[in-house]
């Protein structure tokens with residue numbers, strides 16, 4: 001059997017994944033961002049079109065509640081749950097302080113994996129922690145029951161359900177039941193899915209999120225930049241889908257394009273050249 005150079009195997013794998021060897025990664029950047037310094041968002045290299053922050057501005061308008069149905073917020077790993085929590089907090093803050101209380105339901109296993117909410121962090125997003133009604137359920141089934149019961153309560157701003165993984169009870173039937181109740185009540189349901197797979201769902205909107213390095217503070221006043229997110233909008237009934245990198249302005253809860261990093265940033269590993277650079281093999285002496 002003939003041997004194949006490792007670099008050729010890498011090139012073949014890259015081609016199968018939709019990245020032809022030597023092809024340039026999409027460099028269309030949001031307004032105000034240098035295309036040469038843009039780091040591709042998750043999914044951008046797999047052919048997802050890119051859009052600007054105005055798509056999310058229309059989907060989640062300032063001062064208004066999202067449409068009363070289910071919105072899936074998904075991340076690939078439990079370690080990225082902070083992106084789900086932060087983005088959900090940003091959406092709730094956009095509704096306004098007078099939108100009403102928020103019921104936040106978490107099942108016990110997910111709470112053990114991801115930790116609890118942090119009051120000062122919520123306050124930094126503009127959410128008074130006193131608005132939250134926290135529920136910790138023993139199982140995903142009880143968490144779904146609590147969410148359905150909360151949908152019978154009037155004058156809620158939103159219901160957040162944090163259920164990780166792919167429990168059997170969280171199937172298409174369960175999400176359809178949630179969606180029907182949410183539409184009747186007019187209350188949005190944000191379903192946070194840490195390490196959640198792309199399973200069948202009745203959600204009107206599905207966002208896959210990952211944390212993103214923040215750009216520098218534009219005014220040079222803060223040590224830390226604004227919260228940054230990489231977002232893939234994979235489901236949007238009645239609207240476009242695609243990928244975007246953005247930040248949230250905590251002072252007015254606006255979505256803004258992620259600015260270019262002041263220093264060069266390496267591309268993601270999957271989009272680096274298939275053939276490695278020149279290297280020297282050095283023999284090491286064995287320990288005596």
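The values are calculated or read from the model by the stated rules, or taken from the named source; none is laboratory data. Remember, predicted model here, so these are calculated numbers, not experimental data. Ideal geometry is used to build each Cβ from the backbone, glycine not excepted, and the neighbour counts take in all protein chains shown.
Being more than 27 Å from residue 251 (Cα to Cα), touching a strand residue (DSSP E or B) at 6+ places or on another chain (Cβ under 6 Å) and outside any helix (DSSP H, G or I), is that true of even one residue in region 143-152? So far as region 143-152 goes, no, none of its residues is more than 27 Å from residue 251 (Cα to Cα), touching a strand residue (DSSP E or B) at 6+ places or on another chain (Cβ under 6 Å) and outside any helix (DSSP H, G or I).
Here residue 213 qualifies as surrounded by fewer than 18 Cβ atoms within 10 Å (Cβ to Cβ), under 15 Å from the mean Cα position of the chain (by Cα) and modelled with pLDDT under 90. Scanning region 177-202 for residues that are surrounded by fewer than 23 Cβ atoms within 10 Å (Cβ to Cβ), touching a residue at least 60 places away in the same chain (Cβ under 8 Å), over 15 Å from the mean Cα position of the chain (by Cα) and in a loop (DSSP other than H, G, I, E, B) gives 186, 201, 202. The criterion of being surrounded by 22 or more Cβ atoms within 10 Å (Cβ to Cβ), out of contact with any helix residue (DSSP H, G or I) (no Cβ under 6 Å at 6 or more places or on another chain) and more than 27 Å from residue 248 (Cβ to Cβ) holds for residue 140. Look at residue 165 and say whether it is without any contact (Cβ under 8 Å) to a residue 60 or more places away in the chain, within 23 Å of the chain's Cα centre (by Cα) and either part of a helix (DSSP H, G or I) or at positive phi (or both). Answer is yes for this residue. For region 62-71, the criterion of being outside any loop (DSSP other than H, G, I, E, B), within 28 Å of residue 237 (Cα to Cα) and touching a residue at least 40 places away in the same chain (Cβ under 8 Å) is met by at least one residue. On inspection, residue 174 fails the criterion of being at pLDDT 90 or above and either surrounded by fewer than 19 Cβ atoms within 10 Å (Cβ to Cβ) or in a loop (DSSP other than H, G, I, E, B) (or both).
Note on region 203-218: residues that are touching a helix residue (DSSP H, G or I) at 6+ places or on another chain (Cβ under 9 Å) and not in a strand (DSSP E or B) amount to 2. Evaluation of residue 262 against the conditions (1) assigned to a loop (DSSP other than H, G, I, E, B); (2) touching a helix residue (DSSP H, G or I) at 6+ places or on another chain (Cβ under 7 Å); (3) at pLDDT below 65 shows that the sole unmet condition is (2).
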